[in-house]
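Input: a single structure, listed below in structure tokens.
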Amino acid sequence: MRGRFAGRAWYACDVTTVTEAAKRIFGEEDEDVLQSGDLERICADPVLAQRFARRLAASAQKLFPAREWSPEDLRDVLEVAVHGTAQQSARLLEGRYFRKRLREQVNLADRYGDTFAVVVISMVRDVNEGVYASILDAVTERLRRTDMVFLYSRRFALVLPRMRAAGLGPLITRVRELVDVGAGSGAIERISSLVYPDPAYEGAEVLDWAEDQLR
């Protein structure tokens, strides 16, 4: 008897668990929270926050159809609206963090299809401190708060989340123009770039490509 009742108890518990999971998958409870505008619960739950953000992005798409809006785009706009343009600057990081951050972006791209670009700017040898600073200023002037710049002795490595090939070309052109004005046309040796996902590359090959550019 004990075994039979224990089995029934487990079965009831298991059904309850599955039912709760199903509710979450189909969004019954989440929809109630979103409809009620429960800010505290939305901010405390990443799944709810993501659904809320996607709906905002869809609404922005209807209002401004010339651009394909993402939750990250809305975050950037709202950051400036709340804090002003002083917050709008790329993150400057030491080069030793580059591989870790790049690996994170590759994983996001493989898992969710999030497009990103990686750029390596190589300067001529024996560049002086003033030229280095001028190039750094020119690079960061065109970047977003979510972008990352990794500093090396005569190279800059950039990781640009949500960057597509169509937007990367004009960005690189503008950076070159700014560098030419501030540091001279001969200051940059080369600029190498890659946008991922790319059918020509596997995730691990992106890391290998970046290693080759930094040698």
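In this simple spin-label model, placing a label point 7 Å from the Cα along the Cα-to-Cβ direction at both Glu205 and Asp137 gives a separation of 4.1 nm.
Using the Cα gyration tensor of the range 90-214, with a ≥ b ≥ c the square roots of its eigenvalues, what is the shape: rounded (a/c below 1.5), prolate (a/b larger than b/c) or oblate (neither)? Please report the intermediate quantities before stating the final value.
On the way: a/c = 1.92, a/b = 1.67, b/c = 1.15.
Prolate, because a/c is 1.5 or more and a/b exceeds b/c.
If packing is taken as the average number of other Cβ atoms within 10 Å across a peptide's residues, how do 156-162, 30-36, 183-189 rank, most packed first?
Working: 156-162: 22.6, 30-36: 13.6, 183-189: 15.7.
Descending packing order for the listed peptides: 156-162, 183-189, 30-36.
Taking amide H positions as modeled 1.01 Å from N, with prolines and chain starts lacking one, the residues under 5 Å from Glu189 and 5 or more places away or on another chain are Ser122, Met123, Val124.
Residue by residue, the range 145-162 carries 3J(HN,Hα) couplings of 4, 7, 6, 10, 10, 10, 9, 10, 5, 9, 9, 10, 10, 10, 10, 10, x, 6 Hz when phi is fed to the Karplus relation 6.51 cos²θ - 1.76 cosθ + 1.60 (θ = phi - 60°); x denotes Gly or Pro.
Exposure proxy for Ile135, Ile191, Ile42, Ile121: other Cβ atoms within 10 Å of each Cβ, ordered fewest to most, give Ile191, Ile42, Ile135, Ile121. Here's how it looks for Met163: its modeled amide H is under 5 Å from those of Phe116, Ala117, which are all 5 or more places away or on a different chain.
Quick note: the coordinates plus some simple rules give every number you see, no bench work behind them. Remember, it's a predicted structure, so these values are computed and weren't measured experimentally. All Cβ positions, even for glycine, are placed from backbone atoms using ideal geometry, and neighbour counts span all protein chains on display.
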